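Read the structure below first, then the notes.
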Amino acid sequence: MSHKSYPAVSVIIPHWNGIEVLSECLDSLKQTTYPALEIIVVDNASTDDSSAWIKEHHPDIVLIQNDKNYGYAGGCNRGISHTKGSFILFLNNDTIMEPGWIEPLVDRMMRNKKIAAVQPKILNYYQRKIFDYAGGSGGHLDVFCFPFARGRIFLEQEEDQGQYDNPEQIFWASGTAFIVQKELFQAAGEFDETFFAHMEEIDLCWRFQLMGYEIWAEPQSVVFHKNAVTLPMNSYKKYYLNHKNSLLMLLGNYSLPVAMYLFSIRFALEWVAFGYALFKLDFKHMLGIINAQVWLLFHPHVIWKKHFRTGSIRVKRDRSIMSRLYRGSIVLTHYIRRRNVYSEISSKPFV
C-alpha cells in the first residue's frame, strides 16, 4: 500500500494508574512506522497524576479524562466518539511493540471485507520467546466458554518456535491488542460494560461472528505484553470477573435452549473448580466463584437484556457458531485426557 492508500487508524489506550508503564508504551508506540495514526489515551480517573503527566510529556496525544474508573470496556467505549480513523486499534497500556506492527494488521483487514477484527502475535515482555498468557497467537473457546489460545492453555505457555506463524481464523482476538472496523464495532453494540474487564473482547468477537463476520490472527505483527500488571493473576477480583463474565457470556450469547443445557453442565464444572480451589486452600478463588454465582442470581434482568440485545443482531445460528468452538471441555481434554487440543481444532477448519 502507498502512503495515500493507508486508512486512518485510531489507537485507544484505556489507562488507570501506572505512569511508568504507560510511558514505555507510548515511547514504543511513537516508533511505529504506520503513517496515518492517532493516539488516544482514556484515563479512568487515575489517582497518580497520570493526566497531568500526559499533558506535559505528550501534548500531541488526545487525552480523555473520565470521572471514574469504567474499566477496560467502559474506557474504550468512551474513547470511540473521539476517534477519526475508520479502524480502531485497542491497546493495553502495559505493552511495547515492533515498529512495523500495524501494517500487517491493516493489510489483513483490507484483504477481506468479512474480517471484523485482527490480533497480532502477543509475546511475554519479560521472556520474549514465550507466548503471553493474554492471547498468544489467537484465541479459541470451548462450548462451555473456557478460553484458551494458540501458545497458551490455562497457565501453560509455550515457547514461540514459529509453530503458530500462520495467519489463521480464530474465535477471539485479545484485548491486549487488536484492530476492528469502527462501523462494525458500533453496529455490534460496542463492548458490554457489564463485563468491566476480562472477556469483554471474547464477547464482542462472538457477536461479530453472530453477525456473519470473521476474526483473524496475524502473526507477522508482534506485541510484547507485561501480563497482569493492572490486575494480578491470583487476585480475588480477577477470579471473580473471569467466572462471572464467562457465565454471563454463555447465558447471553447462545440461544435460550442451548444456553440452559450448557449452563447446567458449566454449573457443575464451577463446583469442580471450587473443590480444586478448596484442595489448594485458595480462598480468593473460592470466594470469586461463589460471588460470581451470587451475581447471576441477583441480576437475571441484566442477563435477559443482554440476551435480547444479542438476538437483535444475530444472523447466524448456534450451529454455525459452535462449529468454531472446541466441542468438548478444554478442562477435561487438557488436564485429564492430556490430549493436544490444537490438532483437533486444525482438523476442523472454520466454516
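Taking the Cα centre of the chain as origin, sum charge times position over the Cβ atoms of Lys and Arg (+1) and Asp and Glu (-1), and report the length of that vector in debye to the nearest 20. All intermediate terms of the calculation are to be shown ahead of the outcome.
Working: 37 positive and 35 negative charges, 299 e Å.
That gives the chain a dipole magnitude of about 1440 debye.
Let me spell out the model: positive unit charges on the Cβ of Lys and Arg, negative unit charges on the Cβ of Asp and Glu, origin at the Cα centre of segment 1-123. What dipole size does that give, in debye rounded to 20? Display every interim value, and only then the final one.
Numbers: 11 positive and 14 negative charges, 180 e Å.
Once rounded to the nearest 20, the dipole reads 860 debye.
What per residue convex hull volume, in Å³, do the alpha-carbon atoms of segment 193-306 yield?
On the way: hull volume 15.1 nm³, N = 114.
Expressed per residue, the convex hull around the Cα atoms of segment 193-306 is 132 Å³.
Taking neighbour Cβ counts within 10 Å as the exposure measure, how do 153, 303, 215 sort from fewest upward? Intermediate values should be presented prior to the final figure.
Working: 153 22, 303 18, 215 28.
Starting with the residue having the fewest Cβ neighbours, the order is 303, 153, 215.
Per 0.36 nm of contour for each residue apart, how much would the distance between residue 319 and residue 294 grow if the chain were fully extended, relative to their Cα-Cα spacing? Could the numbers behind the result be given before it?
Values: separation 25, 0.36 × 25 = 9.00 nm, distance 3.03 nm.
Roughly 6.0 nm would be gained on extension.
To make sure I understand, if each residue's beta carbon is the centre and we count other beta carbons within 10 Å, what order do 287, 325 fall in, fewest to most? Write down the numbers at each step before the final one.
Numbers: 287 15, 325 18.
Least crowded to most crowded, the residues run 287, 325.
Could you tell me which of the pairs 237/305; 244/280; 55/84; 114/244; 121/238; 226/284 are separated by over 27 angstrom between their Cα atoms in the structure shown?
Details: 237/305 24 Å; 244/280 21 Å; 55/84 20 Å; 114/244 31 Å; 121/238 23 Å; 226/284 23 Å.
Pairs exceeding 27 Å: 114/244.
Which helices pass in the chain if a helix is a full DSSP H run, must span at least 30 angstrom along its long axis by Cα, and must have mean Kyte-Doolittle hydropathy not below 0.0?
Details: long enough: 256-279 (34 Å, 1.42).
For the chain, where a helix must reach 30 Å along its axis and average at least 0.0, the hits are 256-279.
Dividing the alpha-carbon radius of gyration of segment 159-228 by 2.2 N^0.38 Å (N being the number of residues), what value is obtained? Working shown, then result.
Values: Rg = 13.2 Å, N = 70, 2.2 N^0.38 = 11.1 Å.
After normalising by residue count via 2.2 N^0.38 Å, the value is 1.19.
Can you give me the convex hull volume of the Cα atoms of segment 106-214, divided per residue and expressed in Å³? All intermediate terms of the calculation are to be shown ahead of the outcome.
Numbers: hull volume 12.1 nm³, N = 109.
Roughly 111 Å³ of hull volume per residue.
As a test, work out the antiparallel percent of DSSP beta bridges whose residues both lie in the chain, rounded to the nearest 5. Could you put the intermediate results ahead of the total?
Details: 22 of 47 bridges.
Expressed as a percentage, antiparallel bridges in the chain total about 45.
How large is the Kirkwood hydrodynamic radius of the chain, counting all unique pairs of alpha carbons, in Å?
Working: mean 1/r = 0.0487 Å⁻¹.
Kirkwood hydrodynamic radius for the chain: 20.5 Å.
Under 10 Å, Cα contacts only: if you run a Gaussian network model on the chain, which one of 302, 180, 41 comes out with the highest mean-square fluctuation?
Among 302, 180, 41, the largest GNM mean-square fluctuation belongs to 302.
Going by how many other Cβ atoms sit within 10 Å of their own, how do 276, 240 line up, fewest first? Working shown, then result.
Details: 276 14, 240 21.
Neighbour counts put them in this order, fewest first: 276, 240.
Taken together, the values in this text are just the output of simple stated rules run on the coordinates, not laboratory data. All of these numbers come straight from a predicted model, not from anything done at the bench. So basically every Cβ, Gly included, is an ideal-geometry build from the backbone, and we count neighbours across all protein chains shown.
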